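Student: Okay, here's the structure, questions in a sec.
What follows draws every value from the coordinates through simple rules; no lab data is involved. On a predicted model such as this, the values are computed, not experimentally measured, just so you know. Here the Cβ positions follow ideal geometry from the backbone for every residue, glycine too, while neighbour counts run over all protein chains shown.
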C-alpha cells in the first residue's frame with residue numbers, strides 16, 4: 001500500500017479522492033454538431049489494430065460536455081486516407097515503423113487536400129513518432145517546425161507535463177511537438193510525448209507525456225482548429241473506386257459522413 005501511495009503521489013503531486021473518476025460520463029445537453037475522426041491503421045502493425053482504442057471514445061464524452069459536439073471514429077488503412085474527406089487523422093504507435101510507398105502517397109494526398117494528420121508515440125517512450133517524422137521529412141519535402149505556445153493546437157493551452165517527465169528532464173522538459181507546414185497550416189503534427197493515455201486518464205508512473213487535463217485540452221483545441229468554417233475539406237471518396245477520384249473533385253461532402261465542419265462558435 002505504501003508503494004502504491006508513493007507512486008500515485010509522485011506522479012500526480014497529491015493523493016486522489018478515493019471515488020475520483022479518471023474520466024467523465026456524457027452529460028445531458030443539446031447536440032450542436034457532429035465530427036468524425038479517422039484512426040489510421042498502418043500495414044506494419046501485426047494485428048492491423050488501433051493502439052489504445054478507447055482513448056477517443058473517452059475523450060468524446062469530455063468534448064461533448066463542453067461543446068455539445070458528438071465525436072465518432074472511423075478506422076481506415078493508412079494507405080487509404082488520401083480518399084477520406086474528414087478533417088483529422090490520428091496515427092498512433094509505439095515502436096518505430098517503416099511506411100510503404102502507398103502509405104507515403106496517401107499521407108501526401110490527404111495533407112495536400114487540406115487534411116491534418118496527428119502522429120503520436122503512445123506512452124512517450126517508443127520511437128514511433130520520431131521514425132515517422134524522419135521518413136516524412138524526405139517524402140513530403142515541406143518545412144518542419146517546432147510548435148511554440150502560439151501555434152495550434154498549443155495556443156491557449158496551459159502545457160503541463162507529467163511529473164515523470166519533469167524529473168527525467170531536470171525540471172525543464174523540452175517541447176516534443178513539431179509540425180510539417182503547408183503554407184501557414186500545420187498539416188502533419190508529430191507528438192513524441194503521450195496523449196492517448198492522458199485522454200484515458202491513466203496516471204501510471206513512467207508515462208512520458210502530458211497531464212490528463214493538458215492532453216484533453218490539446219486534443220480539444222486541435223479538433224476545433226481543424227473543423228472551423230475556414231477548413232479546406234473535400235469529398236469523402238473512401239467508399240468509391242479509386243478511378244472515380246479525379247472526376248468528383250467538386251462534389252459536396254456528405255454531412256452524414258462528418259465531412260463538413262460543424263463546430264459551433
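Student: What order do you get for 30-36, 222-228 when each peptide is scored by the mean count of other beta carbon atoms within 10 Å, highest first?
Tutor: 222-228, 30-36
Student: Which of 95, 217 has the fewest other C-beta atoms within 10 Å, and how do the rest follow up to the most? Before the final figure, lay out each step's value.
Tutor: Working: 95 12, 217 22.
Exposure proxy ranking, most exposed first: 95, 217.
Student: Ok, one more. Using the basic label-point model (7 angstrom from Cα toward the beta carbon), what is the residue 185 to residue 74 distance in nanometres?
Tutor: 1.8 nm
Student: Sticking with this one: Any number yet on Rg/Rh for region 90-194, C-alpha, Kirkwood? Write down the numbers at each step before the final one.
Tutor: Numbers: Rg = 14.0 Å, Rh = 14.3 Å.
Here the Rg-to-Rh quotient is 0.98.
Student: At what distance in nm do the modelled label points of residue 160 and residue 25 sit from each other, each positioned 7 Å from its Cα along Cα→Cβ?
Tutor: The answer from the label model is 2.5 nm.
Student: For region 32-236, what's the relative contact order in percent, using C-alpha pairs closer than 8 Å and at least 6 residues apart? Intermediate values should be presented prior to the final figure.
Tutor: Numbers: 411 pairs, mean separation 47.8, N = 205.
That works out to 23 percent.
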